[in-house]
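First up is the structure itself, then whatever we jot down about it.
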Amino acid sequence: MTSICIQKPKQTYKKNIFTTGTVGWPGVTHVSKQNLGPLVDRALELPGYTEDKPDMEILVGFGHNAVLGVADKIVAGVKDGSIGHFFLVGGCDGVKKSRNYYTEFVEKTPDNSIVLTLACGKFKFYKQQLGDINGIPRLLDVGQCNDAHSAVLIAVALTKAFDTDVNGLPLSFIISWYEQKAVAVLLSLLHLGIKDIHLGPSLPAFVTPNVLDVLVKNYNLTPIGTPEGDLKKILA
Ligand code: SF4
């Protein structure tokens, strides 16, 4: 575990987790990045997988430099109608079944939309083969939650191309949260004045009814519903 969030590991699993850098947990071995020997030794001790799955290609690496490298194609696609909408589907992962919402949402996005994704939640659906629009993959993996900065830079570049603000773009934020770092990302998006964020699968504990009222009134923050219903509302 490096900069990624850690939660209390099961006692039986503690031997298989290692931390480094600023991350640590009582009873979990901490290694320096210069000496990963204990981690490698433990991996070699384990039996590994008994069978493999067929190879497949997963495209990654769509930070702002890569995406904005084809900004002219993206802008042309929006202008000629081949790109109708952008969705940023990102945030934390978790085991609750309600988090399948995000996979289903991505699966149901229309063929003329681009899905930008980032953070742990993407691992549920980043193997989806959504095809491309004029050579631009429909599913663009922007990176980890720390790369929300990159997604904002992409959005800001689009605002310039279309002479509008972020809320004026055909762009919707579909966010899943779990950890305090994700809450910091959410607060950053609100600070930037981004509205209409769909948040789930549940609301953070600090979102009391009064706080929700403020967030709904000022930011139109919306708890997620169903993938079909939310898509219909967003694209109406
Ligand atoms: S996406 Fe969420 S769980 Fe994953 S590292 Fe970021 S804050 Fe932590």
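Quick notes on this one:
- Taking a ≥ b ≥ c as the square roots of the eigenvalues of the Cα gyration tensor, the range 58-107 is oblate, since a/c reaches 1.5 or more and a/b is not larger than b/c.
- Every helix of 4 or more DSSP H residues in the chain counts as -39500 (n - 2.57), and over all residues that averages to -10000 deg cm²/dmol at 222 nm.
- Considering only 231, 113, 18, and ranking their Cα positions along the charge dipole of the chain that arises from unit charges at the beta-carbon of Lys, Arg, Asp and Glu, the one farthest toward the positive end is 18.
- Here the chain is treated with +1 on each Lys and Arg Cβ and -1 on each Asp and Glu Cβ, and its dipole about the Cα centre works out to around 720 debye.
- Rounded, prolate or oblate (a/c below 1.5 giving rounded, otherwise prolate when a/b exceeds b/c) for the range 89-209 by Cα gyration tensor: oblate
- FRET efficiency for residue 8 and residue 123, using Cβ-Cβ distance with R0 set to 22 Å, rounded to 0.05: 0.60
- Considering only 69, 128, 30, the residue lying farthest towards the positive end of the dipole of the chain is 30, judged by Cα position with unit charges set on Cβ.
- DSSP finds beta bridges in the range 95-205, and of those with both partners inside it, around 20 percent are antiparallel.
- Under the convention that each Lys and Arg Cβ holds +1 and each Asp and Glu Cβ holds -1, the size of the dipole of the range 1-130 around its Cα centre is about 660 debye.
- Theoretical FRET efficiency, 1/(1+(r/R0)^6), r = Cβ-Cβ of residue 49 and residue 144, R0 25 Å, to 0.05: 0.50
- Packing-based ranking of 44-54, 2-12 yields 2-12, 44-54, ordered from highest to lowest mean Cβ neighbour count within 10 Å.
- Flagged links, alpha-carbon separation over 26 Å, of 122/233; 108/195; 14/124; 181/233; 127/232: 181/233
FYI, it's all coordinate maths here, none of it is from the lab. All values derive from a computational prediction rather than experimental measurement. Cβ sites come from the backbone with ideal geometry, for glycine too, and all protein chains shown count toward neighbours.
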